[in-house]
1. Here are some residues: Leu114, Leu69. Which one is without any contact (Cβ under 8 Å) to a residue 40 or more places away in the chain and within 13 Å of the chain's Cα centre (by Cα)?
2. Quick check on the range 130-149. Is at least one of its residues of a type in the set (S, T, N, Q), under 27 Å from Tyr15 (Cα atoms) and surrounded by 11 or more Cβ atoms within 10 Å (Cβ to Cβ)?
3. Are any residues in the range 150-187 in contact with a helix residue (DSSP H, G or I) (Cβ under 7 Å, 6 or more places away or on another chain) and at positive phi, and if so, which ones?
4. Looking for something aliphatic (A, V, I, L, M), surrounded by 17 or more Cβ atoms within 10 Å (Cβ to Cβ) and within 24 Å of Gly82 (Cα to Cα) - is there at least one such residue anywhere in the range 164-179?
5. Under 8 Å by Cβ, and 6 or more places apart or on different chains, what pairs join a residue from the range 161-181 that is closer than 20 Å to Ile129 by Cβ with one that is polar (S, T, N, Q) and at pLDDT below 95?
6. Within the range 26-33, can one find any residue that is at pLDDT below 85 and in a helix (DSSP H, G or I)?
7. List the number of the failed condition for Pro91; all other conditions in (1) over 15 Å from Leu22 (Cβ atoms); (2) surrounded by 14 or more Cβ atoms within 10 Å (Cβ to Cβ); (3) modelled with pLDDT under 90 hold.
8. Against the definition (assigned to a helix (DSSP H, G or I), touching a residue at least 12 places away in the same chain (Cβ under 8 Å) and not basic (Lys, Arg)), how does Pro108 come out, yes or no?
Amino acid sequence: MLSISNIISQAWLLYSKNWRALSIYMAFLFLPTFLMSILGIVGVSLNKVIPGSALVSNIIIGIIFIISLLITFWTTIALTCGLKAMLDNAPNHSWRAMFDKASPLLWPFAYTSLIVGLVVFGGTILFIIPGIIFTVWYAFTGYVVLFDGEKGAAALSASKRLVVGRWWPIIFRLIIPNLLFMFIFMAAQMVVAAPITAFLPTGPALVAANIVSALGKAILTPLTGAAILILFLDAKQKPNV
C-alpha cells in the first residue's frame, strides 16, 4: 500500500494542481453556512423591529436549512466524482458535468450512507470498540457506490473486503493525513479569525468566527476527500489476498 507520506503528497499535488476547478465546489460547500448565518442575523434584527416575526423567520430558516443540506450532500458527491476525474486526467471534469453525474447517485448514496450510519451507531451503542471497527470497515462504502456501482449491503461488503486483513494500516492512513491537513488549516483559520473577532462585539464576533470556520472547512474538504479517495483506489489496486 501507499505510504502515509505518499498519500499526503499525492493529495496535496492533486489539490494544488486543480485548486481553481475545486474552488467552485468550495463555494457551494461554503454558501449554505454563509446564508444561514446571514439569515440568523436578519431574523434576530427583524424580531426586534417587528415583534412576533420569530415564527416566520424560524420557518424560513428551517426551509433554507433543509435546502442547504441537500446542496451540501449533492456537492459532496459531485466533488468526489470530480476528484476521481482529475486523478484520471479525464478530458471533461467540469463542475457542471460532475453535478450531472452526481444526480442519479444521490439516492443510492443516501440510503447506503444511512445503512452505514445505523450499523456504526449500533456498534457504538453495544460498545465503543465495535463502532470504531465498523467505521473503518465501511469507510470506503460511499466510494464503492459512486465508482463500482454497488449499493446497500453489497457496497458495505465490498468496503469491508478492502479493509479486512489490514485494518491497522488502513486506519492510520485514514487518520494521519486528515489530522495533518486539519491541524494546518485550523492554525491558519485561527490566524485569520483572531484579528476579525478581537474588535467585534460578542454576537457579531461569533457570527464572524462561524463564517471563517465554514470557509476553512469548505477549503479543506477537497484535500481530505482527495486523501481518502487516493487510499481507496490504492486499496482496490492492491487487494489483500
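The values are calculated or read from the model by the stated rules, or taken from the named source; none is laboratory data. This structure is a prediction, so every number in the text was calculated from the model and none was measured. Don't worry about glycine lacking a Cβ; one is built from the backbone with ideal geometry, like all the others, and counts go over all protein chains shown.
1. Working: Leu114 fails: within 13 Å of the chain's Cα centre (by Cα).
Among Leu114, Leu69, only Leu69 is without any contact (Cβ under 8 Å) to a residue 40 or more places away in the chain and within 13 Å of the chain's Cα centre (by Cα).
2. Initial filter on the range 130-149 (of a type in the set (S, T, N, Q)): 135, 141.
Cutting the leftovers down to under 27 Å from Tyr15 (Cα atoms) gives us 135, 141.
In the following step, the residues that additionally are surrounded by 11 or more Cβ atoms within 10 Å (Cβ to Cβ) were identified as 135, 141.
Yes, because at least one residue in the range 130-149 is of a type in the set (S, T, N, Q), under 27 Å from Tyr15 (Cα atoms) and surrounded by 11 or more Cβ atoms within 10 Å (Cβ to Cβ).
3. Gly152
4. Just the residues of the range 164-179 that are aliphatic (A, V, I, L, M), to begin with: 164, 170-171, 174-176, 179.
With the extra rule that they be surrounded by 17 or more Cβ atoms within 10 Å (Cβ to Cβ), the set shrinks to 170, 174.
Then keep just the ones that are within 24 Å of Gly82 (Cα to Cα); that gives 170, 174.
Looking through the range 164-179, at least one residue is aliphatic (A, V, I, L, M), surrounded by 17 or more Cβ atoms within 10 Å (Cβ to Cβ) and within 24 Å of Gly82 (Cα to Cα).
5. Correct list of pairs: Val164/Asn240; Gly165/Asn240; Arg166/Asn240.
6. Within the range 26-33, the first condition is being at pLDDT below 85, and the residues that meet it are 32-33.
Filter once more, so that each one left must be in a helix (DSSP H, G or I): 32-33.
There is at least one residue in the range 26-33 that is at pLDDT below 85 and in a helix (DSSP H, G or I).
7. Failed condition: (2).
8. On the way: assigned to a helix (DSSP H, G or I): yes; touching a residue at least 12 places away in the same chain (Cβ under 8 Å): yes; not basic (Lys, Arg): yes.
Criteria met by Pro108.
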